[in-house]
Amino acid sequence: MMSLKIGDAAPDFDLPGSGGARIALKALKGRKVVLYFYPKDDTSGCTKEAIGFSAQKASFEAAGATVIGISKDSVASHDKFIKKHDLSIALGSDDEGAACEAYGVWVEKSMYGKKYMGIERATFLIDAKGKIAQIWRKVSVTGHVEAVLKETES
């Protein structure tokens, strides 16, 4: 698996999204995209991150960016998550894992000594030309949204 680098073309994706929408990268050409991958709907870190991105949605839009969260959860799970926490960002369902694979975030993880495959919390800033402008891997949620916003505005 090739690891993406800054300057690479962002891999395209076309996923079923929250609220019955389709979320496709090519449909966002000409805009910056903040694409963040997260492990699971309604878990503490993922909820905090989604609420953080939702709270700053207007600031990201003012910077010309669309925020999209992706996990392997179903659209039904995403819709429930959005409703429960009043989220305003789009969530894509990568149930087959193609986008996770393309972005290199489907990785071996370890918890309590057990190894398993899961989504690494990671964020990609994609510029208006579809190139990767910045990458954050193994994200710690605290302060992350602010760091991404700062980079998106520059």
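Scanning segment 64-74 for residues that are in contact with a Lys or Arg (Cβ under 8 Å, 6 or more places away or on another chain), within 29 Å of SER154 (Cα to Cα), surrounded by fewer than 21 Cβ atoms within 10 Å (Cβ to Cβ) and not basic (Lys, Arg) turns up at least one hit.
So that you can scan it fast, the table gives a plain yes or no per residue for (1) of a type outside the set (Val, Ile, Thr); (2) closer than 22 Å to GLN134 by Cβ:
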site: ALA24; (1), (2): yes, yes
site: GLU61; (1), (2): yes, yes
site: ILE70; (1), (2): no, yes
site: SER88; (1), (2): yes, no
site: GLY92; (1), (2): yes, yes
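With respect to the conditions (1) of a type in the set (Gly, Ala, Ser); (2) buried (at least 20 other Cβ atoms within 10 Å of the Cβ); (3) over 16 Å from VAL139 (Cα atoms); (4) without any contact (Cβ under 8 Å) to a residue 60 or more places away in the chain, SER88 lacks only one, and its number is (2).
When segment 17-56 is examined, which residues are found to be more than 14 Å from the chain's Cα centre (by Cα), closer than 18 Å to LYS83 by Cα and not in a helix (DSSP H, G or I)? Of everything in segment 17-56, those that are more than 14 Å from the chain's Cα centre (by Cα), closer than 18 Å to LYS83 by Cα and not in a helix (DSSP H, G or I) turn out to be ALA21, ASP42, THR43, GLN56.
Regarding SER54, is this residue hydroxyl-bearing (Ser, Thr, Tyr) and either surrounded by 14 or more Cβ atoms within 10 Å (Cβ to Cβ) or in contact (Cβ under 8 Å) with a residue 60 or more places away in the chain (or both)? Yes, satisfied.
All of the numbers you see were taken from the coordinates with simple rules; none came from a lab. None of these values were measured; they are calculated from a predicted model. In this analysis, Cβ positions are derived from the backbone assuming ideal geometry, glycine residues included, and neighbour counts consider all displayed protein chains.
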